[in-house]
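Following: one structure in structure tokens, then a few remarks.
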Amino acid sequence: MNELPAPRRSFTGRLGFRLAFLLAIALLPLGFVSVMQTASLAREARARSEAALTGETLRAASAELRVIQLAQGMAEALAIAMPDYLGDDAACSATMRKVAAQGNGYSLVGYFPLSGITGCSSLDRRLDFSQSALFKRYTAEPKPSMIANPRPPLS
């Protein structure tokens, strides 16, 4: 007797494939959730790292920040006192030298009128900033501000 061989099932019709496919479909939401959690953890780790870096930067710059704040306060106090010194360059310069001697690292303390030429400074000479582009910019837009000048006319 010749028996006919059983018909072969296709690959997708086999029990193993069906079971693997069913498990893949069942586990798909879990995979999606784990990917989302990983992305969330990565964002949180990045945010914490940036916050730590910001804090460390602020801590490192705190001494410089304190010097800048002291200089701003000193400039405000001197601006209030300036009307008493206008016209008396000797008294004004003596006060500016006292301020510079306070040891806060001021290289120049002075009052510069709109002409840009002053005799009232912590230095023993007249200073002329009238042709300075920076001075012209500040007199065109008079407002409190701070800059770092890499090539100052004096230090």
Provide a single number: the residues in the range 144-155 that are among the aliphatic types (A, V, I, L, M), in contact (Cβ under 8 Å) with a residue 24 or more places away in the chain and open to solvent by 80 Å² or more (accessible area, probe 1.4 Å). 1
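Mind counting the residues in the range 79-90 that are under 13 Å from P113 (Cβ atoms), open to solvent by 30 Å² or more (accessible area, probe 1.4 Å) and aliphatic (A, V, I, L, M)? Give the steps one after another, and end with the answer.
Just the residues of the range 79-90 that are under 13 Å from P113 (Cβ atoms), to begin with: 79, 82-83, 85-87, 89.
Within this subset, residues satisfying the condition of being open to solvent by 30 Å² or more (accessible area, probe 1.4 Å) are 79, 83, 85-87, 89.
From what's left, aliphatic (A, V, I, L, M): 79, 86.
Adding up the residues that qualify gives 2.
Just to be sure before I move on: is T95 of a type outside the set (G, A, S) and touching a Gly at 6+ places or on another chain (Cβ under 8 Å) in the structure I sent? Working first, answer last.
Details: of a type outside the set (G, A, S): yes; touching a Gly at 6+ places or on another chain (Cβ under 8 Å): no.
No, not satisfied.
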Filter the range 91-127 down to the residues that are part of a helix (DSSP H, G or I) and open to solvent by less than 60 Å² (accessible area, probe 1.4 Å), then identify the one that is farthest from A148 (Cα to Cα). A91
Matching residues, the range 102-135, being farther than 16 Å from M82 by Cβ and either touching a Cys at 6+ places or on another chain (Cβ under 7 Å) or aromatic (F, W, Y) (or both): Y106, F129, F135
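If I filter the range 128-143 down to residues being assigned to a helix (DSSP H, G or I) and open to solvent by 60 Å² or more (accessible area, probe 1.4 Å), which single residue comes out as nearest to I68 (Cα to Cα)? Full working, then the answer.
Taking the range 128-143 as the starting set, the residues that turn out to be assigned to a helix (DSSP H, G or I) are 133-140.
After this cut, where a residue has to be open to solvent by 60 Å² or more (accessible area, probe 1.4 Å) as well, the list is 133, 136-138, 140.
Numbers: A133: 23, K136: 23, R137: 21, Y138: 19, A140: 24 Å.
Among those that are assigned to a helix (DSSP H, G or I) and open to solvent by 60 Å² or more (accessible area, probe 1.4 Å), it is Y138.
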Checked against (1) at pLDDT 90 or above; (2) open to solvent by less than 60 Å² (accessible area, probe 1.4 Å), A51 satisfies every condition except (2)
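For the range 55-75, check the following and say yes or no: at least one residue is part of a loop (DSSP other than H, G, I, E, B) and either open to solvent by 70 Å² or more (accessible area, probe 1.4 Å) or not small (G, A, S) (or both).
Quick first cut of the range 55-75, residues part of a loop (DSSP other than H, G, I, E, B) only: 61.
Those still in the list that are either open to solvent by 70 Å² or more (accessible area, probe 1.4 Å) or not small (G, A, S) (or both) too: none.
No - not one qualifying residue is present in the range 55-75.
The values are calculated or read from the model by the stated rules, or taken from the named source; none is laboratory data. Worth saying up front: this structure is predicted, and the values here are computed from it rather than measured. Cβ sites come from the backbone with ideal geometry, for glycine too, and all protein chains shown count toward neighbours. With ligands, DNA and RNA removed, areas are computed over all heavy atoms of the protein, side chains included. Shrake-Rupley method; radii C 1.70, N 1.55, O 1.52, S 1.80 Å.
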